[in-house]
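Working notes, structure below.
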Amino acid sequence: MEIKMRCRICSGRLEQVADFGRQPLSDAFREPAEQRAEFFFRLAVGVCGSCSMVQLMEEVPRERMFHDGYPYLSSGSSVMREHFAGFAQRVMSERSDPFVVELGCNDGVMLGNLARAGVRHLGVEPSGGVADRAAAQGVRVCKEFFESGVAERIRATDGPADVIYAANTLCHIPYIGSILRGVATLLGPDGVFVFEDPYLGDVVRLTSFDQIYDEHFFLFSAGSVQRMAAPYGLELVDVERLDVHGGEVRYTLAGKGAREQSAAVRDLLADEAAQGIATAAALRAFAGRAADNRDRLVALLTELRERGASVAGYGATAKSATVLNYCGIGPDLIPFIVDTTPAKQGRLTPGSHIPIRGPEAFRDPYPDYAVLFAWNHAAEIMAKEREFREAGGQWILYVPEVHVA
Ligand code: SAM
Ligand code: TMP
Ligand code: ZN
């Protein structure tokens, strides 16, 4: 048992349960001519013996990940655009004249809906390039890392928030105490903090080890979130399972005593306890399955190369960094990956240095096999690329296990 550091939530002892080795920054796509050495860190996962929060053992400084060149665009998926429009609709139907603050609003995929409807809002987004895209569609955005001081300033200038929202952002933030203090400061008495992130239960169930990378610092569960919220006077009042991004939970926190806890929270807590998802034993078993998937994926790609079959990757996701670097897969096994994100095209994947091309390269000509790194968008992509299968192409997936579809 290796004890490296203390829990970022409660300072309890962390037990290391998985090690995915030396990894680059998952979104640091390289110019082919770049000479500078890449930044690497050790991607290991620990679980807190006291509060059961699953978290990375090593932390990457936030400015290395979130900066003006941060490439990820939330609007790149039609399913996600609908998902966020649905959340905006729900807020507008449940509250009259609300003030909504979003942490990590990215290109404005959610707040754009509120801006167009004239709802009072503010996005807090430290990555300048994506924040500019949000501003270009009428979103009011400040280019900052949200933390307690920023929350005090927003409260002083704009008043209390009715809804604070964070999608795929809270789990990125190791200094979470400052965030929760800020949330408690900024929320009005009837306000709620709603956040959604990959769910530990789904990661363990699906062996989706690629949900673990530099930006995904925490893997939340209902139990760990409930314990995390309490010291800040916040309570977990609702949970909702989401099937986007490979399985997430939307958590709702409210001020202590402000709302009843829903039956869904009690059910999920009971389910987590019965399954023991956050136990070191379950997580070590998960790490063992991830290692099996790695070996099978490398064996399959090696066999395909030996047979002379052509292979491409689909979706230069942040998640793919963990797979490619953990498996030691480079351009010899996957010569290129296609992706719709302009800032990724023409670059190389971090660490593994696989060229990234635009989606038109996929059908020019279709490869025999395509590894679907954006498996969380499988329905959308397989529908869009129906002709690939019709032309005899086959998808390779590695979640929940390596298979050809
Ligand atoms: N909410 C969008 C979504 O779900 O598609 C974007 C998610 S993106 C993976 C994470 C975003 O969080 C990035 O745009 C990043 O710049 C932002 N972020 C990171 N730390 C933050 C902080 N302390 N406050 C606000 N945003 C932050
Ligand atoms: P995500 O899994 O973090 O949302 O990243 C998805 C990546 O896949 C992102 O780089 C955009 C890319 N992508 C495509 O190339 N085509 C698509 O149809 C979709 C939905 C995503
Ligand atoms: Zn802890």
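The values are calculated or read from the model by the stated rules, or taken from the named source; none is laboratory data. Since the model is a prediction, treat every value here as computed from it, not as a measurement. Please note: Cβ atoms are built from the backbone with ideal geometry, for glycine as well, and neighbour counts cover all protein chains shown. We work out accessible area using only protein heavy atoms, side chains counted, and drop any ligands, DNA or RNA first. Shrake-Rupley method; radii C 1.70, N 1.55, O 1.52, S 1.80 Å.
Summarising the amide proton neighbourhood of Y165: residues at separation of 5 or more, or on other chains, whose placed amide H is nearer than 5 Å comprise V101, E102, L103, V194.
Suppose all protein chains stay in the model; what accessible area per residue would a 1.4 Å probe give for the chain, in Å²?
Accessible area per residue: 40 Å².
A convex hull fitted to the Cα coordinates of region 94-154 yields 76 cubic angstrom per residue. Protection proxy ranking for 45-53, 91-99, using the average of other Cβ atoms within 10 Å per residue and placing the highest first: 45-53, 91-99.
Amide H to amide H, with H built 1.01 Å from N, A44 comes under 5 Å of F20, M57, E58, counting only residues 5 or more places away or on other chains.
Report for the chain the percent antiparallel among DSSP-assigned beta bridges with both residues inside it, nearest 5. Mind dumping the intermediate values first?
Details: 33 of 62 bridges.
Roughly 55 percent of the DSSP beta bridges within the chain come out antiparallel.
Dipole magnitude for the chain: computed about the Cα centre from +1 point charges on Lys and Arg Cβ and -1 point charges on Asp and Glu Cβ, it is near 460 debye.
Normalised by the number of residues in the chain, the average gap of Cα pairs under 8 Å and 6 or more apart makes the relative contact order 16 percent. Taking the three principal axes of the alpha carbon atoms in the chain, the coordinate ranges are 64, 50, 41 Å, sorted in descending order. Computed from phi, the 3J(HN,Hα) profile of region 306-319 under the Karplus parametrisation 6.51, -1.76, 1.60 (θ = phi - 60°) reads 5, 7, x, 6, 8, 9, 10, x, 10, x, 7, 6, 4, 4 Hz, with x in place of Gly and Pro.
When the charge dipole of the chain is built from unit charges on Cβ atoms (+1 for Lys and Arg, -1 for Asp and Glu) and taken about the Cα centre, the candidate among S50, P32, Y213 whose Cα reaches farthest toward its positive end is S50.
Compute the whole-percent fraction of alpha carbon pairs in region 275-374 spaced more than 16 Å apart. It would help to have the intermediate numbers written out before the result.
Numbers: 2888 of 4950 pairs.
Cα-Cα pairs of region 275-374 separated by over 16 Å account for 58 percent.
Close amide H partners of Q394, meaning residues 5 or more places away or on another chain with modelled amide H under 5 Å apart, are Y369, A370. Relative contact order of region 35-99: 16 percent, from C-alpha pairs under 8 Å at least 6 residues apart in sequence. Here the Karplus relation 6.51 cos²θ - 1.76 cosθ + 1.60, evaluated at θ = phi - 60°, turns the backbone of region 263-277 into coupling constants of 5, 4, 5, 4, 5, 5, 4, 5, 4, 5, 5, 5, 8, x, 5 Hz, with x for every Gly and Pro. So what's the gap between the Cα centers of region 89-131 and region 311-347, to the nearest angstrom? Centre-to-centre distance over Cα atoms comes out at 31 Å.
Taking the Cα centre of region 5-68 as reference, the dipole from Cβ charges on Lys and Arg (+1) and Asp and Glu (-1) amounts to some 300 debye.
Which of rounded, prolate or oblate describes region 113-189 when judged by the alpha-carbon gyration tensor and an a/c cut-off of 1.5? Before the final figure, lay out the partial values.
Details: a/c = 1.83, a/b = 1.23, b/c = 1.49.
Here region 113-189 falls in the oblate category.
Mean residue ellipticity at 222 nm, helices only, the chain: -10000 deg cm²/dmol; runs of at least 4 DSSP H residues each add -39,500 (n - 2.57), and the sum is divided by the number of residues.
Based on the Cβ-Cβ distance of S310 and R62, what FRET efficiency does E = 1/(1 + (r/R0)^6) give at R0 = 35 Å, to the nearest 0.05?
On the way: r = 40 Å, r/R0 = 1.13.
Calculated transfer efficiency: 0.30.
Taking the chain as a Gaussian network of alpha-carbon nodes connected by springs under 10 Å, the highest mean-square fluctuation of the residues E306, E272, E144 belongs to E306.
For the chain, carbon and sulfur atoms together expose 49% of the accessible surface, with a 1.4 angstrom probe and every protein chain in place.
Placing unit charges on the Cβ atoms of the charged side chains and taking the dipole of the chain about its Cα centre, the candidate lying farthest along the positive direction among F195, M228, G393 is M228. Applied to region 149-160, the Karplus parametrisation 6.51 cos²θ - 1.76 cosθ + 1.60 on θ = phi - 60° returns per-residue 3J(HN,Hα) values of x, 5, 4, 4, 5, 5, 4, 5, 8, 10, x, x Hz, with x for Gly and Pro.
Quick one: work out Rg over Rh on the C-alpha atoms of region 18-116, Rh as Kirkwood radius.
1.09
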